[in-house]
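Structure first, then comments.
Computed from the coordinates by the stated procedures, all read-outs in this text should not be read as laboratory data. Nothing here was measured: the structure is a model prediction, and the numbers come from that model. Neighbour counts run over all protein chains shown; Cβ positions are idealised from the backbone, glycine included.
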Amino acid sequence: MNRAILVLFFYLLISWSLAQNTLPNTPPSEASSQEAAFAEQMTQTQVNMDLRTQPHLGHPGAPVLMLLFEDFSCPHCKRFTEDVLSDLIRDFVLPGYVYIVYINFPIIDKNSFFAAWAGECAFAQNNLAFWRYKRYIFQYQQSSEGWASPDNLVAIARNHVTELNPDELMRCIVEGDYEQEVLHDLAYAESLAIPGTPALVINNNLAQGTNYAYISDMIYLALEEVFESEKQR
């Protein structure tokens, strides 16, 4: 199914949903001054980011691109992963409407960095395994110092993510193979003035909330905008 057919199908779904009044709390169609400023900042950032080198889910040709900024020490990110992300994947990623790209934004403590390094090491081995590993890291998240030690991070993989080689993961974490990649992610997020975590950017629009209803409404509107753009070609 090509892009145009996907967008047309979803546009019809949007129209039906609106007619049934099943899209409550839809964000305003006109971007606020804050949203407009952020969209401009997206185009002017001096930090280049090759999204093809980041953990990802979905089809790169999907009409909606979602950037997901998270910190492994962030309790709100834990709740988002456990309560919202799986539903977004089921409803929008698997059908081909949304492509998610993950970007580290480690801003809380050193555990944030250690876990981010481990995530990058996991991604280097297997992209899909990264997403499973990420979910388990959040399950083991603690407020105590040192919860994201190399031993603990490798134990999580050994016990729950069989696709990962634990010995290679340990070597990669200890030697800091992907320290620069994590720092680059951080610099990119800071260049966009991402306000905190979790943060989602949907087709260059910064989400002002992270609950399922709000995010799904943003996706519907993004799809509608893509459809209108396709019609004008």
Taking R0 as 25 Å and r as the Cβ-Cβ distance between V47 and N127, the FRET efficiency 1/(1 + (r/R0)^6), rounded to the nearest 0.05, comes to 0.65
Quick one: net charge of D109's neighbours, Cβ under 14 Å, K/R +1, D/E -1? -1
Rank by packing, highest mean first: peptides 135-143, 101-109, with packing defined as the count of other Cβ atoms within 10 Å averaged across residues. 101-109, 135-143
Among residues other than T81 whose Cβ falls under 15 Å from its Cβ, what is the net charge (Lys/Arg +1, Asp/Glu -1)? +1
Q125: net charge of surrounding residues, Cβ under 12 Å, Lys/Arg +1, Asp/Glu -1, itself excluded? -3
Chain lengthening between E145 and R158 when straightened (0.36 nm per residue, less Cα-Cα): 2.5 nm
Answer rounded, prolate or oblate for the range 154-233, using the Cα gyration tensor with square roots of eigenvalues a ≥ b ≥ c: rounded when a/c is under 1.5, else prolate when a/b is larger than b/c, else oblate. prolate
